[in-house]
Amino acid sequence: IGATNAFLMSRYLLRKYVHDHFGDKLRVVMDGFEREGAFYLFSLRLVPVIPFVVLNLMMGLTHIHPVLFFFTSQLGMLPSTLIFVDAGTRLVKINSARDIVSVEMMASFVAIGLLPLVCKRAVIAMKARYGKKKERGGSSGNLGGPSNVVLVSSSPRNLGVSVRDPRDHMRSNSVSNLGF
C-alpha cells in the first residue's frame, strides 16, 4: 500500500520534482516500461536494481494503471518477502551461537543470497521465451503492453507527452545501465 501511495503522490503531486530530480535515469525507466510494459516493473521488483522508493516515484510518471502497478508490485516482491520472513522467524529463535550455524538458518541465508540470481535467470528465461513468440508474430508477452505515449521533454517547464507509432523500436537501454 505504501508503494502505491508513493506512486500516486508522484503521479499527481510530485511529477515535476521527480522529473527534475531523476532526469536521465527516468528516461531509462520510461524506455524500459515502453518496451516491456508491466513486465519491466515485475522484473525490477524481483531483481531490485533500483531502490523501491525511487522506482515507485519513477513509475508514477508512466501510464501504468494504479491497480496494475499494485498487483504487479505485490507479485514481484512476494518471493523476497517470503524468504525474509522465513529468515526473520528463524533469527528470533536463536538462543546460542550454535543456532546460527544450524542447517535451517544456513538454508535461509543461502536462499537470501541466491534469490537475486535465481530471479535474474528467471527474468532472462521469460524474456527469451516471449521474445521468440514475438519474432514469430505471436504475443509479445507484455503485461500492460507497450504504450504509444512517451515522455518527450527533459525540461522542467515542459512535461508534455507525445504519441508515436507503436511499431517504432526503442533505443536499447537495459536495467544494468541505470547507474544506481
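Worth a mention:
- Using R0 = 25 Å, the C-beta based FRET efficiency linking Met9 and Leu68 works out to 0.90.
- Solvent-accessible area per residue, Å², over the range 52-93 with all protein chains present [probe radius 1.4 Å]: 52
- Computed extension length for Ala125-Lys16: 35.6 nm, one decimal, from 0.36 nm per residue of separation with the Cα-Cα distance subtracted.
- Ranked by how many other beta carbons lie within 10 Å on average, peptides 5-16, 100-111 from highest: 5-16, 100-111
- If the chain linking Ser102 and Phe84 were pulled fully straight, counting 0.36 nm for each residue of separation and taking away their Cα-Cα distance, it would gain 4.8 nm.
The values are calculated or read from the model by the stated rules, or taken from the named source; none is laboratory data. Note that this is a predicted model, so its numbers are computed, not measured. Neighbour counts are summed over all protein chains in view; Cβ atoms, including those assigned to glycine, are modelled from backbone coordinates with ideal geometry. We work out accessible area using only protein heavy atoms, side chains counted, and drop any ligands, DNA or RNA first. Shrake-Rupley method; radii C 1.70, N 1.55, O 1.52, S 1.80 Å.
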